[in-house]
1. Return a yes/no flag: does segment 149-156 have any residue that is assigned to a loop (DSSP other than H, G, I, E, B), within 22 Å of residue 10 (Cα to Cα) and either touching a residue at least 24 places away in the same chain (Cβ under 8 Å) or in contact with a strand residue (DSSP E or B) (Cβ under 9 Å, 6 or more places away or on another chain) (or both).
2. Go through segment 197-223 residue by residue and tally those that are in a loop (DSSP other than H, G, I, E, B) and surrounded by fewer than 19 Cβ atoms within 10 Å (Cβ to Cβ).
3. Among what's in segment 230-244 and is in a helix (DSSP H, G or I) and more than 20 Å from residue 23 (Cα to Cα), pick the residue that is modelled with the lowest pLDDT.
4. How many of the residues in segment 1-50 are out of contact with any strand residue (DSSP E or B) (no Cβ under 7 Å at 6 or more places or on another chain) and in a loop (DSSP other than H, G, I, E, B)?
5. Suppose we filter segment 94-108 for residues that are in a helix (DSSP H, G or I) and closer than 17 Å to residue 148 by Cβ; how many remain?
6. Out of all the residues in segment 113-142, which are crowded, with 21+ Cβ neighbours inside 10 Å and under 11 Å from residue 101 (Cβ atoms)?
7. Considering segment 160-196 alone, what residues qualify as being assigned to a loop (DSSP other than H, G, I, E, B), more than 16 Å from the chain's Cα centre (by Cα) and over 14 Å from residue 139 (Cα atoms)?
8. Taking segment 57-75 as the search range and keeping residues that are in a loop (DSSP other than H, G, I, E, B) and surrounded by fewer than 19 Cβ atoms within 10 Å (Cβ to Cβ), which one is nearest to the chain's Cα centre (by Cα)?
């Protein structure tokens, strides 16, 4: 049964797993995307994360495709809007002529484009995809603050921010009485811990910021389909290859033992490690099929004992 947590201090309740949709329009076509979305919703997931640029890197894709698929899906399925928590992001290159960044003018244009593609009147969580060093953070936050006052956005968050960037943003919000980043979307998993844990984790705990990690399965490396003797061929093979080292193979060995003890999968163990941390609001899972989704969903039923959690921490220590 899906569990729910509060998204930072927003008062928004989200499922303990968030469905990421970067793959929609990339490795998953529209029809299959609808099946995955419906299966996730029926299983109790109410939290869906996307971005305006998804999946602009695919030939012939101008971006916005993932947002469009979500918009068509919830309308066609006649799902009540209030039952969904929809998150999207702004910052990357979009438009014709193409623009990028977090200037006030651009944010006010991009939010309307996302609203139209998603076929919604408001965005539950609007996130800065990554920082924009060319624009003063006060300008960005004032634009976001105005969107909240206008009812177009419920809460704001950031992704890929450093501790320094997040701290600066929080200080500016407090100084000028502006809406603050209520969530952080960091790159965080068992083989990529330092970036978040070094400084960001403490800030998020202290400021009660919701944490929605992306790539909790390390682009598939933590699913059990990779081993010393077998390297699966996928669109993410190049990025996964960075994890090929003896330390991580030993970690996978231990994850396999824990999975066997629980009659579970390595995927479920990787996600259960996230879910064991109460400061994590909702790790973002991706799925190319309903079968992949169902594997991940079972993680909410897997409770690691203290010894198992400590073992994973020890073998993945940075």
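1. Keep residues of segment 149-156 that are assigned to a loop (DSSP other than H, G, I, E, B), which gives 150-152.
Keeping just the survivors that are within 22 Å of residue 10 (Cα to Cα) gives 150-152.
The next check asks that each one be either touching a residue at least 24 places away in the same chain (Cβ under 8 Å) or in contact with a strand residue (DSSP E or B) (Cβ under 9 Å, 6 or more places away or on another chain) (or both); those that pass are 151-152.
Checked segment 149-156: at least one residue is assigned to a loop (DSSP other than H, G, I, E, B), within 22 Å of residue 10 (Cα to Cα) and either touching a residue at least 24 places away in the same chain (Cβ under 8 Å) or in contact with a strand residue (DSSP E or B) (Cβ under 9 Å, 6 or more places away or on another chain) (or both).
2. From segment 197-223, those in a loop (DSSP other than H, G, I, E, B) are 198-199, 208-209, 212-213, 215-217; that's our starting set.
Next cut, surrounded by fewer than 19 Cβ atoms within 10 Å (Cβ to Cβ) only: 198-199, 208.
Count: 3.
3. Keep residues of segment 230-244 that are in a helix (DSSP H, G or I), which gives 237-243.
Checking the rest, the ones that are also more than 20 Å from residue 23 (Cα to Cα) come to 242-243.
On the way: 242: 92, 243: 96.
For segment 230-244, the residue satisfying everything is 242.
4. Residues flagged as out of contact with any strand residue (DSSP E or B) (no Cβ under 7 Å at 6 or more places or on another chain) and in a loop (DSSP other than H, G, I, E, B) within segment 1-50 amount to 10.
5. Residues of segment 94-108 that are in a helix (DSSP H, G or I), as a first pass: 104-108.
Imposing the further condition that a residue be closer than 17 Å to residue 148 by Cβ reduces the set to 104, 107-108.
Here the count works out to 3.
6. If the condition is that a residue be crowded, with 21+ Cβ neighbours inside 10 Å and under 11 Å from residue 101 (Cβ atoms), then 128, 131, 140 are the ones that fit.
7. Quick first cut of segment 160-196, residues assigned to a loop (DSSP other than H, G, I, E, B) only: 160-162, 177-180, 186, 188, 190-191, 193.
Restricting the remaining residues to those that are more than 16 Å from the chain's Cα centre (by Cα) gives 162, 177-180, 191.
Matches in segment 160-196: 162, 191.
8. Applying the first criterion (in a loop (DSSP other than H, G, I, E, B)) to segment 57-75 yields 57-64.
The next check asks that each one be surrounded by fewer than 19 Cβ atoms within 10 Å (Cβ to Cβ); those that pass are 57-62.
Numbers: 57: 18, 58: 20, 59: 24, 60: 25, 61: 21, 62: 21 Å.
Here the answer is 57.
The values are calculated or read from the model by the stated rules, or taken from the named source; none is laboratory data. Remember, predicted model here, so these are calculated numbers, not experimental data. Please note: Cβ atoms are built from the backbone with ideal geometry, for glycine as well, and neighbour counts cover all protein chains shown.
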